[in-house]
Amino acid sequence: MAQLLYLPLPFSAVASCSSSSSSSSPSIPKLHPLKLPHNHKGRPNHLLKTQKLLNSEVSPHRAVSAVRLMRIELGGAYADLLNEKGKGSGENEMGYVQRTLGFRTRELNHHDLRLVTDVVGGAIRWRRYLDHLISSLCHDKDIYSMEPLLLQILRIGCYEIVKLDMPPYAVVDENVRLAKVALRPGAGNMVNGILRKLVVLKENETLPLPKVEGDDRAQARALATLYSHPVWMVRRWTKYLGQEETIKLMTWNNSEPSFSLRANRARGFSRDDLVTQLNALKVPHKPSLHLDEFVRIKTGLQIVIHAGLLKKGLCSVQDESAGLIVSVVDPQPGETIIDCCAAPGGKTLYMASHLSGRGMVFAIDVNRGRLRILKETAKLHQVDGVVTTINADLRTLNDTEPLKSNKVLLDSPCSGLGVLSKRADLRWNRKLEDMEQLKKLQDELMDAASKLVKPGGVLVYSTCSIDPEENDERVAAFLVRHPDFQIDPVDRYVPPDFVNQSGFYFSNPIKHSLDGSFAARLVRAL
C-alpha cells in the first residue's frame, strides 16, 4: 500500500520561499510565480526540449538523484526497487533524466551510482529533518508549494552538507548549477542563498533545531524532527518502548543498512563457497551467528550483483530475521508446506531449498505478477520441482481449492515497521489509520489460514513488524476465536535470545542488529 506524503504537485507549482531577514545572512531571492505552457499530456514543454541534450557540467549523480526522488515522492515508486533497477544501469537512469529534465549529463560510473543510492536513501530517511532546515531559512515556511524539482535539489544539497563528508562549497556550486540548468537562473540563486546560509550555520554549530521539551506531544514533535520520523510513530513507540529506546530505534532506522546473503544449498552452493567468492571480490563479510547458510555484509552489495552471483541463483539477498522465521516453520524433506501470501518468495525459496527435492511448497498469493516472478526465481534456484504457485485470495481459497497441510506459514501483510532501515520511504507511506485496517486484514487472513491446517498441524503467523498490536495481540485474539489452537514455544527452533516471554520468536533491531520480525507457532488439536 504505497501512500504519498504530499499531494502530487505540477512541475509548474510556485516556489514561495523567500530570504531570511538576518542582515548577516546571504540574500535569498524570492521566486515569483512561473506559469509554464503544457503539452497535451500535461507536461511542461520546457522539459521536452532537446536543444540542450547534453550538459556535461551538471553533476550526474545529483541529476539522477533529483529525478529519482521525484519519482518516489510524486510517482509512488519504491526506493528499494529503483535502487535494484538502477544498479549497473546508468543508461536507464540517464534516460529518465533526459525525459524529465530535457538534457543528459556525462554517463554515470559505478562511483556515481553508489552516490545516487546513498543520496537518495539519505534524503528520504532525513526528509523531515531536511525540510525543517529548509523551512527555517525561508520566510514563507510553506516549502511544499515549491516546484517539486527545486525542493528535491534543496534536500539533496542540505543532506550533502549536513550529513555527508563532502566539501560544502563544492556541494553548493554543483546544486546551484543543476537548479540553473534544469529550471532557470533564479532557482539557482535561491539554492545558492539557502545552501550558503546552511554552510555557515553548520560551521558555527548553530543549526536551527528544536529542543525536546514541553508536554508529551511537544517532545514527540521535536523528536520526530530531530530523528526524521512521523510524529505518530514517535508517539506510538514512546508508549510501548519509552523515549530512550525510541531514540535508539530511530537511530537504527537512520543508519546505513547491512544486508545478508543466503547461500543456495539447492544448487550445491554452500556458505564456504559464498565466502570464497566474497574473498575473491574483496567484499568485507561476517558469517551469521545464527544461521549456517547466511553471511552478513555492510558494503559491497553492488559488487556482488555485478559479479552475477544473484543472477546465477547461487545466493540471494535475505535478512537473517526472515531466515529465522523459516527456522520456526522447520521445513523437512518430504513435507508439504503451504505458504500463504508468499510473494515475492524469499521464505518460499528458502523452505523449498530445505526439502532436498522431496515434498512441496504451495505458494499462494493474490498478485499474479509477483507470483510469476517467484516461479521464475524458483526455476533459477533449481527448486521449481518442489514449488507450486496458486494465484488466489487466501480468504476465498477454500471455496475453490480443498488444500490442507500439516505446516502452514502465513507471512502476513503488515506495517513493515521492523524494516525501516532498509525501506527508507516506508515511514512516509504509512499512516496511523493504516494500522487498524491492517489488523482487520491480519485477523481475516489468520482465520483463513487456520482452515488449511490439518488436525495436529502447525500454523506459523509471522510479520516484519515490531508493533505488539500486529504481533502478540493478533495471536491472542486469534486464540480466543480458535480455542482448538495452542501456542507451541519456539525455543526448539531459534536461539533463546530470540524467544520472548510468550514463547514467540521476536527479533529486535536494537538488540540483535537485524530487521524487526515476529513469528508465533500455533498447533491445532488432534
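The values are calculated or read from the model by the stated rules, or taken from the named source; none is laboratory data. Keep in mind the model is a prediction, meaning the values are calculated, not measured. Please note: Cβ atoms are built from the backbone with ideal geometry, for glycine as well, and neighbour counts cover all protein chains shown. Please note that ligands, DNA and RNA were not included when accessible areas were found on the heavy atoms of the full protein model with its side chains. Shrake-Rupley method; radii C 1.70, N 1.55, O 1.52, S 1.80 Å.
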Item checked: Cα gyration tensor shape for the chain, rounded if a/c is under 1.5, else prolate or oblate -> prolate
Item checked: Cα-based Lys pair tally, the stretch 431-506, threshold under 20 Å, eight or more apart or on separate chains -> 4
Check: Taking only C-alpha pairs under 8 Å that are 6+ residues apart, what is the relative contact order of the chain in percent?
Finding: 12 percent
Check: Share of antiparallel DSSP beta bridges in the chain, in percent to the nearest 5?
Finding: 55 percent
Notebook entry, point to check: To the nearest 10 degrees, how steep is helix 231-241 against the longest Cα principal axis of the chain, on a 0 to 90 scale?
Noted result: 40 degrees
Check: Counting only protein heavy atoms and using a 1.4 Å probe, what share of the accessible area of the stretch 157-252 belongs to carbon plus sulfur, as a whole percent?
Finding: 49 percent
Item checked: Student exercise, the chain dipole from Lys, Arg, Asp, Glu Cβ charges, in Debye to nearest 20 -> 1540 debye
Item checked: Dipole axis of the chain (+1 Lys, Arg; -1 Asp, Glu on Cβ), positive-most option in Gly359, Val460, Ala170 -> Ala170
Item checked: Carbon and sulfur %, accessible surface of the stretch 328-429 computed with the full protein complex present, 1.4 Å -> 48 percent
Item checked: Probe 1.4 Å, protein heavy atoms only - accessible area per residue of the chain in square angstrom -> 43 Å²
Notebook entry, point to check: Under a plain spin-label model, where a point goes 7 Å from the Cα along Cα-to-Cβ, how far apart in nm are Asp216 and Asp497?
Noted result: 3.3 nm
Check: Could you give the nm distance between label points at Arg481 and Asp384, where each point is 7 Å from its Cα heading toward the beta carbon?
Finding: 3.7 nm
Item checked: Qualifying aspartates and glutamates (Cα of each under 18 Å from Cα of Lys312; at least 8 residues distant if same chain) -> Glu84, Asp272, Asp273, Glu293, Glu376, Asp384
Item checked: Unsatisfied cross-links (Cα-Cα over 20 Å) in the set Lys163/Lys286; Lys248/Lys286; Lys311/Lys347 -> Lys163/Lys286; Lys248/Lys286
Next item on the list: Would you calculate a helix-derived [θ] at 222 nm for the chain, using -39,500 (n - 2.57) for each DSSP H run of n ≥ 4 and dividing by the full residue count, to the nearest 500?
Entry: -13500 deg cm²/dmol
Item checked: Full-stretch length increase - Val231, Lys202 - with 0.36 nm per residue and alpha-carbon distance subtracted -> 7.9 nm
Checklist line | Karplus-derived HN-Hα couplings along the stretch 66-72 (A = 6.51, B = -1.76, C = 1.60, θ = phi - 60°), whole Hz, x at Gly and Pro | finding: 4, 5, 4, 4, 5, 5, 6
Notebook entry, point to check: Residue farthest toward the positive end of the dipole of the chain, with Cβ of Lys/Arg at +1 and Asp/Glu at -1: which of Leu74, Gly418, Phe103?
Noted result: Phe103
Check: Mind checking the angle between helix 110-125 and the chain's longest principal axis? C-alpha axes, 0 to 90 degrees, to the nearest 10.
Finding: 90 degrees
Notebook entry, point to check: So how far, in whole Å, is the C-alpha centre of the stretch 298-366 from the one of the stretch 183-243?
Noted result: 40 Å
Notebook entry, point to check: Of all the C-alpha pairs in the stretch 415-526, what % are more than 21 Å from each other?
Noted result: 39 percent
Next item on the list: Using only the Cα atoms of the stretch 175-276, build the gyration tensor, take square roots of its eigenvalues as a ≥ b ≥ c, and label the shape rounded, prolate or oblate: rounded if a/c is under 1.5, else prolate if a/b is larger than b/c, else oblate.
Entry: oblate
Notebook entry, point to check: Going by alpha carbons, how many degrees (0 to 90, nearest 10) lie between the helix axis of 185-203 and the longest principal axis of the chain?
Noted result: 70 degrees
